[in-house]
Amino acid sequence: MTVKQLTLPELVSACAELGVPGVGLWREPVRSHGTAATARLVRAAGLSVTTLCRGGFLTATDPAERARALDDNRAAVDEAATLGTDTLVLVSGGLPAGSKDLRGARERVADALAELGPYAAARGVRLAVEPLHPMYAADRCVVSTLAQALDLAERFPADQVGVAVDTYHVWWDDTAPAQIARAGASGRIHTFQLADWTTPLPEGVLDGRGQIGDGAVDMREWRGYVEAAGYTGPIEVELFNDVLWARDGREVLAETVARFVEHAGTR
């Protein structure tokens, strides 16, 4: 998503040229290119698919809508398995129209995880519940903190459900480092993502993630937290940013690699 202006073949080629060993993919471009074709493309370049994004949106109260969401998430699990990634990132979904019941919405997420977790595990895929910044709680994600995400995940085996740690969403939370340690102790950090917090936020706020080094987040500090918790997996950079999307994609990718090395360190 950081360079969504690139086609999948362009993205894979640029990653290979820059020495980026893996890529987190989003379902829309994968489906457009073809899931099996995407898997072949990535493997042929010597890359891995680190995660697939996204499943989720599991808070509906209407039975038919809920059934469609579960079917879509099963399809996302199947796509992840075809791509060869063991992690499907979930964005839980916001409040149904007219509802003010956050707790009830989170319980419906738990009910869905109970159905989806075994299905995913049988296909070698883990579900990563991603908490989003509280400004998204009403319309996009009723899970706002790592503590809330872990309270959901810990109802299920760690090989079924864990969490995604994204600096953009949790950097403000002074309880997050302790929750990262909690997640690491049970093997539930399924992915770690970087994006910076810059202000002012754009209208609509969705596409306001800053390039690494441009904002308020200490990337080395947060990397230290997850690694101290035992995480040794890939580190993704996920930027939603209209200014970056308007630029040459290969230039943005090269800049992102350089910023990662400068502000987060190397493997």
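What to note about this one:
- Across the stretch 216-229, coupling constants 3J(HN,Hα) worked out from phi with the 6.51/-1.76/1.60 Karplus curve, θ = phi - 60°, read 9, 8, 8, 5, 5, 4, 5, 4, x, 4, 6, 6, 5, 7 Hz, and Gly and Pro carry x.
- Cα gyration tensor, the stretch 192-248 - rounded (a/c under 1.5), prolate or oblate: prolate
- For the chain, with +1 on Lys and Arg beta carbons and -1 on Asp and Glu, the positive-most of Gly162, Val237, Gln5 along the dipole: Gly162
- Over the chain: helical MRE at 222 nm, DSSP H runs n ≥ 4 each giving -39500 (n - 2.57), nearest 500: -13500 deg cm²/dmol
- Within a Gaussian network of the chain (alpha carbon springs, distance under 10 Å), most fluctuating of Ala181, Ala216, Ala128: Ala216
- Here the Gaussian network model covers the chain, with springs between Cα atoms less than 10 Å apart; of Gly24, Gly233, Gly98, Gly98 fluctuates the most.
- Whole-angstrom gap from the stretch 66-98 to the stretch 126-194, using each part's C-alpha centre: 16
- Whole-Hz Karplus values for the stretch 255-264 come out as 4, 5, 4, 5, 5, 4, 4, 5, 10, 10 Hz, taken residue by residue from phi with 6.51 cos²θ - 1.76 cosθ + 1.60 and θ = phi - 60°; glycine and proline positions read x.
- Protein accessible area in the stretch 116-267, 1.4 Å probe - carbon and sulfur %: 53
- Most simply put, the chain has about 10% antiparallel DSSP beta bridges, counting only bridges with both residues inside it.
- Each residue, Arg103 and Ala258, gets one label point 7 Å from its Cα in the Cβ direction; the gap between the two is 5.2 nm.
- Per-residue HN-Hα couplings for the stretch 41-50 [Karplus 6.51, -1.76, 1.60; θ = phi - 60°; Hz; x = Gly/Pro]: 4, 5, 5, 4, 8, x, 9, 10, 8, 7
- Nearest-20 debye value, the stretch 109-186 charge dipole, Cβ charges on Lys, Arg, Asp, Glu: 200
- Here r is the Cβ-Cβ distance between Ala246 and Ala185 and R0 is 35 Å; the resulting FRET efficiency, rounded to 0.05, is 0.25.
- Top positive-direction residue, dipole computed over the chain with Cβ charges, set Ala14, Ala44, Gly224: Ala44
- Cα gyration tensor shape for the stretch 1-141, rounded if a/c is under 1.5, else prolate or oblate: prolate
- Pair-distance profile P(r), taking every C-alpha pair of the stretch 218-267, with 10 angstrom steps and integer %: 22, 48, 25, 5
- Around the Cα centre of the chain, unit charges on the Cβ atoms of Lys, Arg, Asp and Glu (plus for the first two, minus for the last two) sum to a dipole of about 600 debye.
- Label-point gap, in nm, between Thr61 and Glu221 - each point 7 angstrom along Cα→Cβ: 4.1
- Across the alpha-carbon set of the stretch 85-190, the Rg to Rh ratio works out to 0.95, Rh being the Kirkwood radius.
- Of Pro21, Pro96, Pro200, the one that fluctuates the most in a GNM where the chain has Cα springs shorter than 10 Å: Pro200
The values are calculated or read from the model by the stated rules, or taken from the named source; none is laboratory data. Model, not experiment: these values are computed from the prediction. We place every Cβ from the backbone using ideal geometry, glycine too, and count neighbours over all the protein chains shown. What goes into the accessible areas is simple: the full protein's heavy atoms, side chains included, and nothing from ligands, DNA or RNA. Shrake-Rupley method; radii C 1.70, N 1.55, O 1.52, S 1.80 Å.
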